[in-house]
Amino acid sequence: MLPNVATARAARGTRAIVTRPITIAVPKGRVLKALVPVLARLGIDSTAVLGDGDDRRLIRDLPQIGWRLLLLKPDDVPTYVEYGAADLGVCGRDVLLERGFDLYQPVDLGIGKCRMVVAMRTSVTTLPDPPRIATKYPRIASAHFASRGVQAEVVFVQGSVELAPLTGLADAIVDLVETGETLRQNDLEVREVVAEISSVLVANRAAFKLLGARATEVVDAFRAR
Ligand code: PRP
C-alpha cells in the first residue's frame, strides 16, 4: 500500500476512534421537561438541559455522558435526523405521520401521550358530502377520510382548531386530544379515533447501524425510563 494511502486510512481510523458527542434533536418545551428524569438517571442535572429562564442557547452539551442536545421546534426534529444533522431525535408520532417520514423508531417513550381524533359539534349527527375538515394535519385528515371512501375538503389552520366548527369554517376537525377539556369547553365531542400518539425516539436507519454501540446506549437509557 502506498504510504500516503496508508496514512490517510490510519488518519480516518483515528478520526473514527475519537468520540464525538452523539447528537440528539429534542423538541423545546413540554417534551424536553419530560426528558429530565431520563437524564437525571444518567447523573445530569435538569439545569444543564433546561437552563435558566434567560438561556437561549440551542445547543446543550452534556460532556459527562458524551451527548449533545439540539433544541428544536417539534416539526423540525425528523428533518435534522433525516439529513444526518442529528444522530437521533425525540419526536411525536403525529409529526412523523403528517410529514411522511420513514425513520427507525427503536423506542416508544410513552411521553406526550394523546389521540388524533375526528371531532364534531355535539348537536351535529351527520356530515355533509363532501365534508369540510379543519386541521393542522391535512395529510393525516385526507388519508383518514379517503380510507373511508370520503374525499374531504381539508382546510389547513395553524391552531385554535376547535373554533372552526363553531364559526362555520368547517363541519368537523381532525386534531390532537389530551385531556379532552378543550373539546368539552367548546361544545365538541370525539366521533372517531384516527391514531394513538406518543413521543418516540427516531433515527436514520443507516446512521443508526453505523453508530453501533453508542446508539444502543442511548436507546437503553431511554428504554429504562
Ligand atoms: C392542542 C390541541 C388541542 C389541545 C388539546 O393544542 O391542538 O387544541 O391541545 O388538549 P386538551 O385535550 O388537553 O384540551 P395546543 O395547546 O398545542 O394549542 P393550539 O390550539 O394553538 O394548537
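Name the residues in the stretch 40-67 that are more than 16 Å from PHE222 (Cβ to Cβ) and of a type in the set (D, E, K, R), would you?
Of all residues in the stretch 40-67, those more than 16 Å from PHE222 (Cβ to Cβ) come to 45-48, 50-61, 63-64.
Hits for the stretch 40-67 are ASP45, ASP52, ASP54, ASP55, ARG56, ARG57, ARG60, ASP61.
Just to be sure I understand, how many residues within the stretch 93-106 are assigned to a loop (DSSP other than H, G, I, E, B) and not charged (D, E, K, R)? Show your work before the answer.
The initial filter retains those residues of the stretch 93-106 that are assigned to a loop (DSSP other than H, G, I, E, B), namely 100-103.
From the residues that got through so far, the ones that are not charged (D, E, K, R) too are 100-101, 103.
Adding up the residues that qualify gives 3.
Just a yes or no: is a residue in the stretch 181-199 at pLDDT below 95 and in contact with a Leu (Cβ under 6 Å, 6 or more places away or on another chain)?
Checking the stretch 181-199: at least one residue is at pLDDT below 95 and in contact with a Leu (Cβ under 6 Å, 6 or more places away or on another chain).
Could you please let me know if GLU189 is in contact (Cβ under 8 Å) with a residue 60 or more places away in the chain, farther than 30 Å from VAL26 by Cα, within 13 Å of the ligand (Cβ to nearest atom) and open to solvent by 10 Å² or more (accessible area, probe 1.4 Å)? If you could, list the steps in order and put the result at the bottom.
On the way: in contact (Cβ under 8 Å) with a residue 60 or more places away in the chain: yes; farther than 30 Å from VAL26 by Cα: yes; within 13 Å of the ligand (Cβ to nearest atom): yes; open to solvent by 10 Å² or more (accessible area, probe 1.4 Å): yes.
When the stated conditions are applied, GLU189 passes them.
Here's a check for you: in the stretch 81-123, which residue that is more than 16 Å from the ligand (Cβ to nearest atom) and open to solvent by 70 Å² or more (accessible area, probe 1.4 Å) is farthest from PHE222 (Cα to Cα)?
Of the stretch 81-123, the ones more than 16 Å from the ligand (Cβ to nearest atom) are 81-90, 96, 99-110, 123.
From what is left, the residues that are open to solvent by 70 Å² or more (accessible area, probe 1.4 Å) are 82-83, 99, 102, 104-105, 108, 123.
Numbers: GLU82: 20, TYR83: 22, ARG99: 24, ASP102: 20, TYR104: 15, GLN105: 12, ASP108: 9, SER123: 44 Å.
Filtering the stretch 81-123 for residues that are more than 16 Å from the ligand (Cβ to nearest atom) and open to solvent by 70 Å² or more (accessible area, probe 1.4 Å), the one farthest from PHE222 (Cα to Cα) comes out as SER123.
Which condition does PRO131 not pass, out of (1) without any contact (Cβ under 8 Å) to a residue 60 or more places away in the chain; (2) within 16 Å of the ligand (Cβ to nearest atom), if it passes all the others?
Of the numbered conditions (1) without any contact (Cβ under 8 Å) to a residue 60 or more places away in the chain; (2) within 16 Å of the ligand (Cβ to nearest atom), the odd one out for PRO131 is (2).
Residue check: is ARG60 at pLDDT below 95 and charged (D, E, K, R)? Outline the logic, then answer.
Working: at pLDDT below 95: yes; charged (D, E, K, R): yes.
Against the criterion (at pLDDT below 95 and charged (D, E, K, R)), ARG60 qualifies.
May I ask you to list the residues in the stretch 139-180 that are closer than 21 Å to GLU196 by Cβ and open to solvent by 40 Å² or more (accessible area, probe 1.4 Å)? Walk me through how you get there before you give the answer.
First, pick out the residues of the stretch 139-180 that are closer than 21 Å to GLU196 by Cβ: 139-148, 161-162, 172-180.
Result: ARG139, SER142, ALA143, ALA146, SER147, ARG148, LEU176, GLU178, THR179.
Could you grab the pairs with beta carbons closer than 7 Å, sequence gap of 6+ or different chains, first residue in the stretch 155-184 and touching a residue at least 12 places away in the same chain (Cβ under 8 Å), second one assigned to a loop (DSSP other than H, G, I, E, B) and of a type in the set (Phe, Trp, Tyr)?
VAL174/TYR137
State all residues of the stretch 62-92 that are touching a Ser or Thr at 6+ places or on another chain (Cβ under 7 Å) and not in a strand (DSSP E or B); if no residue qualifies, say none. Let's see the steps before the verdict.
The initial filter retains those residues of the stretch 62-92 that are touching a Ser or Thr at 6+ places or on another chain (Cβ under 7 Å), namely 66, 68, 70, 86-87, 90-92.
Listed by number, the residues that qualify are GLY66, ALA86, ASP87.
Can you tell me how many residues within the stretch 192-206 are surrounded by fewer than 17 Cβ atoms within 10 Å (Cβ to Cβ) and either touching a residue at least 12 places away in the same chain (Cβ under 8 Å) or closer than 30 Å to THR167 by Cα (or both)? So that I can check it myself, show each step before the final result.
So in the stretch 192-206, the residues surrounded by fewer than 17 Cβ atoms within 10 Å (Cβ to Cβ) come out as 192-193, 195-196, 198, 205-206.
Applying the additional criterion that residues be either touching a residue at least 12 places away in the same chain (Cβ under 8 Å) or closer than 30 Å to THR167 by Cα (or both) yields 192-193, 195-196, 198, 205.
Final tally of qualifying residues: 6.
The values are calculated or read from the model by the stated rules, or taken from the named source; none is laboratory data. Quick caveat, the model's predicted, so the values are computed rather than measured. FYI the Cβ positions are ideal-geometry reconstructions off the backbone, even for glycines, and counts take in every protein chain you see. Only protein heavy atoms, including side chains, enter the accessible area calculation; ligands, DNA and RNA are left aside. Shrake-Rupley method; radii C 1.70, N 1.55, O 1.52, S 1.80 Å.
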